[in-house]
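The values are calculated or read from the model by the stated rules, or taken from the named source; none is laboratory data. Please read all numbers here as calculations on a predicted model, not as lab measurements. As a convention, Cβ positions derive from the backbone with ideal geometry for all residues, glycine included, and neighbour counts pool all protein chains shown. Protein only, heavy atoms only, side chains kept; ligands, DNA and RNA dropped before computing areas. Shrake-Rupley method; radii C 1.70, N 1.55, O 1.52, S 1.80 Å.
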Amino acid sequence: MPRLSPRPPPSAPWSRSRSGPSRRWSRSTPEVRRATASESPSPAAAPLTVADSGQLRVGQPVVALGSPLGLTSTVTSGIVSAADRYVKVPGEGTPAAHLIGAIQTDAAINPGNSGGALVDCDARLIGINTAGASPSGDPGSSGLGFAIPTALMQPIAAELAQDGAVAHPTLGRQVQGIPAGLFVQAVRPDGPAARAGLRAGDLLIDIDGEPVRTPEDLVKAELAAQVGQKMRITYERSGARSTAEVTAERIAAAPRR
């Protein structure tokens, strides 16, 4: 009897690769997401209980649900490999996605799993499957999956339900990374940074005591901030070091259509 062997998907448009030998990233296609979203749940289905993702432990068993490669009602299992990960998922013709506080798991997460539930052994929701990584040239899962934790998912879901879009905090500046810190290229007029006294040409050293050396460091700080949160920024201007208190401000959300 001939043996069946898995075949790689044809030139997967949903795979996102990074240059070099590092990783290949995958997320679901719009077609798979639409097909998954259009499925009607059973009338007998009960809502999932949402667990506190802050109580997760490394090594804890988890189960990923979804429709990888269009195969609906697929379940894979694994453990929590790490918590509170920052992951930058490269874009292909689109801006990179930044995941903060992500749950890392070795449960297989393939294209089509995005948006599916990551649950614990009590069938409680702990995260939303978002991305998977594998070595370049290997389109399958290699045990590097990432999920948005419920602690971040719940306020986002509430905002989507109310406004139809998600607004993110910003400090209102453009920067470029240099070895000594972040060089401020521009500040938004009347934005939070401008109101705090920051100017183009300043060199950002740290935010709330955490060094910043790359634009990603600033993105992480902004994404982790709450609207209205005061952030203490250390900066240099003309060789003199000073501090400024900047209040994170909401980027206006796109109107609901």
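Annotations
- Note on GLU92 and CYS121: the model spin-label points, each 7 Å out from Cα along the C-beta direction, lie 3.8 nm apart.
- These residues, MET153, MET231, go from largest to smallest accessible area, 1.4 Å probe, as MET153, MET231.
- Computed about the Cα centre, the dipole magnitude for the stretch 158-257 is approximately 260 debye when only Lys and Arg (+1) and Asp and Glu (-1) carry charge, each at its Cβ.
- Cβ-defined net charge surrounding GLU249, 12 Å radius [Lys, Arg +1; Asp, Glu -1]: +3
- Computed over protein heavy atoms with a 1.4 Å probe, the accessible surface of the stretch 106-257 works out to 49 Å² per residue.
- Nearest-0.05 FRET efficiency for GLN60 and LYS230, computed from C-beta distance (R0 35 Å): 0.50
- With R₀ set to 45 Å, the beta-carbon distance separating ALA180 from SER73 gives a calculated FRET efficiency near 0.25.
- Cα centroid of the stretch 186-208 to Cα centroid of the stretch 51-120, whole Å: 35 Å
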